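**Student:** Pasting a structure here, questions to come.
The values are calculated or read from the model by the stated rules, or taken from the named source; none is laboratory data. Here the structure is a predicted model, which means the values were calculated and not measured. With ideal geometry, Cβ positions are generated from the backbone for all residues, glycine too; neighbour counts draw on all protein chains shown. Side chains included, ligands, DNA and RNA excluded: accessible areas come from the protein's heavy atoms. Shrake-Rupley method; radii C 1.70, N 1.55, O 1.52, S 1.80 Å.
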Amino acid sequence: MSLVNTPIKPFKAQAFKQGKFVEVTEADVKGKWSIFFFYPADFTFVCPTELEDLADIYPTLQSIGVEVYSVSTDTHFCHKAWHDTSPAIGKINYYMLGDQNHDISNNFEILRAGVGLADRGTFVVDPEGVIQLVEITPEGVGRNAAELLRKIKALQYWVSHPGEVCPAKWEEGEKTLAPSLDLVGKI
């Protein structure tokens, strides 16, 4: 069953963010666009490249009203240690949630059965707390933050412009489509 168009479930987690430990709940997510960026584990190989890529566009995401929550089944203490020792992870200013009890991973149906690690998954949640985008990739394939940014801009445009849709490769400022009987079979 797809999680698209379903509300996020309640959770409470400790996170590491900008040198501090903070608590995050589903209530903190409401009112803004959010990315839940699941990855298998700290101190690994593909994960730091993805998290650094996301850190590089974090200011842009913030400027369009998007918060980022990276999530692994490691603890918030482990996130701090990784942040303090890795040049790539040291760039991160967004939330790094610890999910050692697997509540968040189970809520998003991203926990690998019998392994105790989250799959590599991206979930975009709208300001009402509803999941609007789900992307799962295999362990050996890293994600692209620029493509994620493009998709979020398309989602934000689509939500704020009823009656319009964003075609493939749509970029901000480009033409959209207005679905109608006249378009059927013409594209």
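**Student:** Using bins 5 angstrom wide from zero, how does P(r) for segment 64-122 break down, in % of all Cα pairs?
**Tutor:** The percentages, shortest bin first, are 4, 18, 26, 22, 18, 10, 2, 0.
**Student:** I'd like the carbon and sulfur percentage of the solvent accessible area for the chain, probe radius 1.4 Å, heavy atoms only, ligands and nucleic acids excluded.
**Tutor:** Numbers: 5250 of 9450 Å².
C and S fraction of accessible area: 56 percent.
**Student:** If you don't mind, another one. D for segment 31-71, whole µm²/s, Stokes-Einstein with Kirkwood Rh over alpha-carbon pairs at 10 °C and 1.306 mPa s: what number? Kindly include the intermediate steps, with their values, before the conclusion.
**Tutor:** Working: Rh = 10.8 Å.
After rounding, the answer is 147 µm²/s.
**Student:** May I ask for the angle, rounded to the nearest 10°, between helix 145-160 and the longest principal axis of the chain, with both axes built from Cα atoms and the value confined to 0 to 90°?
**Tutor:** Between the helix axis and the principal axis of the chain, the angle is about 50 degrees.
**Student:** Still on this structure, I have one more. Please list the radius of gyration and Dmax for segment 31-187, considering alpha-carbon atoms only, with Å as the unit.
**Tutor:** My reading of the Cα-based Rg and Dmax gives 17.2, 58 Å.
**Student:** Once Lys and Arg get +1 and Asp and Glu get -1 on their Cβ, which of Gly98, Thr122, Pro87 lies farthest toward the positive end of the dipole of segment 78-155?
**Tutor:** The one lying farthest along the dipole's positive direction is Pro87.
**Student:** Pairs of lysines 8 or more apart, or on different chains, with alpha carbons under 19 Å: count those in the chain, would you?
**Tutor:** So the count works out to 22.
**Student:** Taking the Cα centre of segment 1-158 as the origin, how large is its charge dipole in debye, to the nearest 20, when only Lys and Arg (+1) and Asp and Glu (-1) carry charge on their Cβ atoms?
**Tutor:** Numbers: 14 positive and 20 negative charges, 51 e Å.
Here segment 1-158 has a charge dipole of around 240 debye.
**Student:** Still on this structure, I have one more. What is the sum of charges, Lys and Arg at +1 and Asp and Glu at -1, for the other residues whose Cβ falls under 14 Å from the Cβ of Val46? The partial results should precede the final answer.
**Tutor:** Numbers: positive: Arg120, Arg143; negative: Asp42, Glu50, Glu52, Asp53, Asp119, Glu139.
After counting each charged neighbour, the total is -4.
**Student:** Which net charge results for the neighbourhood of Asn93, defined as the other residues with beta-carbon distances under 15 angstrom from its beta-carbon, given Lys and Arg at +1 and Asp and Glu at -1? Can you show the working numbers first?
**Tutor:** Numbers: positive: Lys17, Lys20, Lys80, Lys91; negative: Glu52, Asp53, Asp56, Glu67, Asp84.
For residues surrounding Asn93, the net value is -1.
**Student:** So with the 1.4 Å probe, I'd like the accessible area per residue for the chain, rounded to whole Å². Could you put the intermediate results ahead of the total?
**Tutor:** On the way: 9450 Å² over 187 residues.
Accessible surface, normalised per residue, equals 51 Å².
**Student:** Still on this model: Which whole number of Å³ per residue matches the convex hull of the alpha-carbon atoms in segment 123-187?
**Tutor:** 123
**Student:** If you plug each phi of segment 107-118 into the Karplus form 6.51 cos²θ - 1.76 cosθ + 1.60 with θ = phi - 60°, what whole-Hz ³J(HN,Hα) values come out, in order, with x for Gly and Pro?
**Tutor:** Ordered by residue, 3J(HN,Hα) equals 4, 8, 6, 10, 6, 6, 4, x, 10, x, 10, 7 Hz.
**Student:** If you average the alpha carbon positions of segment 1-33 and of segment 40-84, how far apart do those two centres end up, in angstrom?
**Tutor:** So the two Cα centres are separated by 14 Å.
**Student:** At a 10 angstrom cut-off on C-beta neighbours, averaged per residue, how do the peptides 109-118, 70-79 rank from highest to lowest?
**Tutor:** Values: 109-118: 15.0, 70-79: 21.8.
Going by the mean number of other Cβ atoms within 10 Å, highest first, we get 70-79, 109-118.
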